[in-house]
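> Take this structure, written in structure tokens, and hold onto it; I'll ask about it next.
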Amino acid sequence: MINLSSLQRKLPLLDRWLFGELTGPLLFAIAAFTVVSLSVGVMFDLVRRIVESGLPVTVAVQVMALKLPSFLVISFPMATLMATLLAYSRLSANSELTALRSVGVSTVRLVAPALVLAILLTGLTLVFNDVIVPQANRSAESTLQRALGRSLATEKGKDIIYSRFGRLRGSDDEQRGRGLNQLFYARRFEKGEMLDVTVLDFSRVGFRQMLVAEKALWQEQEAKWEFLDGQILTLNTNGSTTRVDFDRYLYPLSAGPLKVARLPRDANNMTIGEAIKARQLYVEAGNTKEARRLAVRIQEKFTFPVSCLVFALIGSSLGSRPGSRTSRSQGFGISVLLILGYYVLSFSFSSLGVKGTLPAAAAAWLPVLISLGCGGALLRQASR
């Protein structure tokens, strides 16, 4: 096992001192941002459910505890910015950084401990986001739904929508370009069954077909969907309609709807592996927009933790400027403004990635690179 005390003794005195100066503001900032975000995101909704739906207080506390990791991980980048800004501003205001510079310690050497701490937080954020948060959010949802007397399977499998794109054909069986082939909708998914199902077939130009059934089951051996107790409505090219009732009907569609139903609805609740599988599912279905959206989200699962490093560089560079004086309230305000600016930039590039204007990797990483460039410019200015 690693002996932390011996490891700490091996660190240079300057690094130990700066780590000590950063620890207090970092813990304060994590607590402050977590409490604020948890209150806005969960607490008010749980209080409303306690009053309106009779949710037991003990269950509300349990749900809040399970939701805590997701809000804790959000606070890490913001806390890194605030902690570095406050710590280095205080040292600069007390002329301690000036004294160190006078004996030849460079500004880059002074901010190095903040960057090392940010790298550790980056790894911690990545682990939280991919291992702890998805499972904790699912547990919170299941706990809440059971307490409210709802079926978990029904809630998770509600309003299943799966669209398949491919080549369109005319009445003469010739290809007529690409477009939406089938649209699958199930009102509920429970115990492996799709309930209250509707399928719209647009695979032939000028020809529309709608299949409605009470239930649908995926048959692995036939690689088809088995629809039970339903009817098929067909709108022909001449405007006439036909209707056929059936007890059992096999329909040639992939297992995509079943896979979609078993995935978390929100990409933020997926692990990286689940997000990659979901993207591949949409690629196979020809749904390029959803595939692009998930490609961007996968990249953002890596860029979000790296924002700890971005904010550490910006915060320490701003705080280490000669004569910098920032109180806790000022530091909180400056941190909020910088964070808003960064996330507006990130959301803008993310939208360009989802639209296909930029590749997914560029859409996710360009805001990080731009911000790192700004942080580097601030560090150079502080070094003068």
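> Of (i) 0.98; (ii) 0.95; (iii) 1.11, which is the value of Rg/Rh (Cα atoms, Kirkwood Rh) derived from the coordinates here?
Checked against the structure: label (iii).
> Taking the Cα-to-Cβ direction at Met43 and at Leu120 and moving 7 Å from each Cα, how far apart do the two end points lie in nm?
Computed distance between label sites Met43 and Leu120 equals 2.8 nm.
> Next up: Note the count of lysine pairs whose C-alpha atoms are less than 15 angstrom apart in the chain, limited to pairs 8 or more residues apart or on different chains.
Counting lysine pairs in the chain gives 12.
> What is the chain's relative contact order, in percent, from Cα pairs under 8 angstrom and six or more apart in sequence?
For the chain, the relative contact order is 18 percent.
> In debye to the nearest 20, how big a dipole does the chain give about its Cα centre with +1 on each Lys and Arg Cβ and -1 on each Asp and Glu Cβ?
1180
> What residues qualify as long-range amide H neighbours of Asp196, i.e. H under 5 Å apart, gap of 5 or more or another chain, H built at 1.01 Å from N?
Lys215
> Normalised by the residues of segment 158-261, what does the relative contact order come to in percent, with Cα pairs under 8 Å and at least six apart?
RCO, segment 158-261: 21 percent.
> Helix 44-53 against the longest principal axis of the chain: what's the angle in degrees, Cα atoms only, rounded to the nearest 10?
Here the helix axis deviates by roughly 40 degrees.
> Got a sec? Charge dipole of the chain, +1 on Cβ for Lys and Arg, -1 for Asp and Glu; which of Ala275, Met78, Val260 is way out at the positive end?
Met78
> PRE reach from Gln219 (point 7 Å along Cα→Cβ): which of segment 258-295 fall under 15 Å by backbone N?
None, by backbone N distance to the label point.
> Computed FRET efficiency, Cβ-Cβ of Val127 and Arg187, R0 51 Å: what is it to the nearest 0.05?
That gives a FRET efficiency of 0.85.
Values quoted throughout were computed directly from the atomic coordinates according to the rules given, and no laboratory measurement underlies them. Keep in mind that what you see is a predicted model, and the values were worked out from it rather than measured. Note that each Cβ is placed from the backbone with ideal geometry, even for glycine, and that neighbours are counted across all protein chains shown.
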